[in-house]
Amino acid sequence: MSEYGKSLSVGLRTLRLLGVSLLILVFVASALPLNGFNTPIATPEAPASNYAHPAVPAGGTPVIVTGTYVHPSGMFTLPLVSGWQLPGDSPEESVAATPEQPITRAGATFINVSAASVVHAFVEDNPELSLKDFEALQAYYTAEQLSAAWSQYNGGWREIARRAVGETLIIDTEMTHEGLVYLGRQIARLQDRWLMVMRLVVPNNNPSLLEQLQATYEPYFQLLPSSINAPLFWRTLSDTVSGYLIRFPNTWQQEDGKPGAPYALSGELDGRTYRLNTRAVPNAAVPDEESARAWIAENYPRATVQTVQAEQRGDFTGYTLSFLAPDPDGNQRSLTATLINGAGTLYVAVLQTFAEGRDLLAPSDGSISPELFRIRQTFTPLRLVPLSAQPTPTPTPAG
C-alpha cells in the first residue's frame, strides 16, 4: 500500500473513531454557550485510544486552492481547498432571526478525512451581545465561552495562548478526544455588527498544517454585506467564473445560464411577471452617469431613460437606471439595469416586466414591490480566491 493509501486508511479510522457527526456538532456550535448559561460544561474522562493520527506526508500536507466557496445564503465566501469537503449530512447552517430568538447565523464545515482536519466558519448577528469593538470581543471569549466550542472533546481542552493581530483575536487550544490530541485555533473578528469566526483543527503531529490553513483561509473569509438585508432563505446565484452574486426569491426559476455565461431567471412579484438577466462584460466600465446612459443607448437603442441612481458595493461603484424600451414585437417594457464596475469587468443585472410607462425606481409608486430593490441590492462582484499553482508532473522515463 502507498504512503498516501496508508495515511488515508488511518485517517478514515480516526474520523470513524471521532465520528463525523461529532466533529460537525463541535464546529457548528454557535458562539453562544451550548447549555445556555455562562458556565463551563463538564468534560468526561477520555477513554484510551488504540489509534494514531495519520502520518504527515513528506513535505507536509498539501493545501491547494481550487476555487471560491459561496455560502447558500450569500452571506460569506471562503476558499475551496482540495481535500476539505462539505460532509453529506449537515455541512451548512442557516439560522434566521425570529421573534423568539434574535440570532441570524450562516456557517459551513469542511472535513479532510485523510488529514483528520476540520475547518468551520460562521458569521453571526446577535443583537443581545452588543459586541461594539475589539475590546468587547476580547472580553467576550472567556474560558466559559470557549467551552461552548471545545467541550465536546471527551478528553478535555485547554487554552494555550491568545493574541491580537490588528482587530483579529486568535486563540490557540489543545483538545483530546479518545486519547488523541488535536490543535485548535479560533480566529474571530467583527465587521460592523457581525461576528465572524473561523475554527481550525489539526492533529498535534501536524502543527504546520494549522499555519497553512490560516494563511489560506483567513484572508478570503469575507462577509458580503450586500446579502445581509435580503431574506436568509432566498436563493443565491453565485457565478464564481465570472465573479458576481445575486439573490432572488425562492419562487423564481432559472431558465438559462451556467458559470461564465449569461443567466436568465423569471418570477412573480406585485402581480406581474419579471425577468432577470445577468452577465459579465469584460473590458467595460461605466465610470460616470454619462457613460451609464450611453451603455443603455447602445444596448437598447429605442430606450427612454427615466431615473438614474448611483450604486456602491464596498469598493465597487456603478449605477442603476430605470428606462422604458419596447421588445422586438413592439410591446412596451419597464426595466432597470444595474451596472457595477468590477476589476476590468462590468457586471450587469437587468430586471424587466411588461408594465407600460412604469418607472421601476419611482419612490412614490407604492405598487412596485420593495423586493425589486432587495434583489438589485444583492447584486455584487465577488472577490475570487486565486487558485494555487499546480505542480507540473515529472515525466516518467520510458523503460
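Could you check the range 191-240 and list, in sequence order, the residues that are part of a strand (DSSP E or B) and farther than 30 Å from Tyr347 by Cβ? Please lay out each step first, then the result.
Of the range 191-240, the ones part of a strand (DSSP E or B) are 191, 194-203, 222-223, 235-239.
If the condition is that a residue be part of a strand (DSSP E or B) and farther than 30 Å from Tyr347 by Cβ, then Arg199, Leu200, Val201, Val202, Pro203 are the ones that fit.
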Taking into account only those residues within the range 359-382 that are among the charged types (D, E, K, R) and either assigned to a loop (DSSP other than H, G, I, E, B) or over 25 Å from Thr345 (Cα atoms) (or both), which is nearest to the chain's Cα centre (by Cα)?
Glu371
Going by what's in this entry, would Asn229 be described as among the polar types (S, T, N, Q), within 26 Å of the chain's Cα centre (by Cα), at pLDDT below 95 and surrounded by fewer than 16 Cβ atoms within 10 Å (Cβ to Cβ)?
yes
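Of these, Thr353, Thr317, Thr273, Thr345, which one is within 27 Å of Thr236 (Cα to Cα) and touching a Lys or Arg at 6+ places or on another chain (Cβ under 7 Å)?
Every option except Thr353 fails the conditions.
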Pick out the one residue from Gln138, Gln101 that is assigned to a helix (DSSP H, G or I) and surrounded by fewer than 20 Cβ atoms within 10 Å (Cβ to Cβ).
Gln138
Within the range 156-189, residues being surrounded by 19 or more Cβ atoms within 10 Å (Cβ to Cβ) and within 24 Å of Gly107 (Cβ to Cβ) number 14
Expected single match for acidic (Asp, Glu) and either in the same structural domain as Gly74 (by TED's automatic domain parsing) or surrounded by 14 or more Cβ atoms within 10 Å (Cβ to Cβ) (or both) among Glu268, Glu311, Glu290 is Glu311
In the range 142-184, anything out of contact with any Lys or Arg (no Cβ under 8 Å at 6 or more places or on another chain) and part of a loop (DSSP other than H, G, I, E, B) is listed as Thr142, Ser151, Gln152, Tyr153, Asn154, Gly155, Gly156, Gly166, Glu178, Gly179
Only unsatisfied item for Val286, checking (1) in contact with a helix residue (DSSP H, G or I) (Cβ under 9 Å, 6 or more places away or on another chain); (2) under 20 Å from Ala355 (Cα atoms); (3) among the β-branched types (Val, Ile, Thr), is (2)
Exactly one of Ile41, Ile64 is β-branched (Val, Ile, Thr) and either buried (at least 21 other Cβ atoms within 10 Å of the Cβ) or modelled with pLDDT of 90 or more (or both), and that one is Ile64
Determine which member of the set Thr307, Thr345 is in contact with a Gly (Cβ under 8 Å, 6 or more places away or on another chain) and either of a type in the set (A, V, I, L, M, F, W, C) or modelled with pLDDT of 95 or more (or both).
Thr345
Residues of the range 104-135 classified as within 21 Å of Asn206 (Cα to Cα) and in a loop (DSSP other than H, G, I, E, B), total:
4
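The values are calculated or read from the model by the stated rules, or taken from the named source; none is laboratory data. Please read these numbers as outputs of a predicted model, since none were measured by experiment. Glycine gets a Cβ as well: all are built from the backbone with ideal geometry, and neighbour counts include every protein chain shown.
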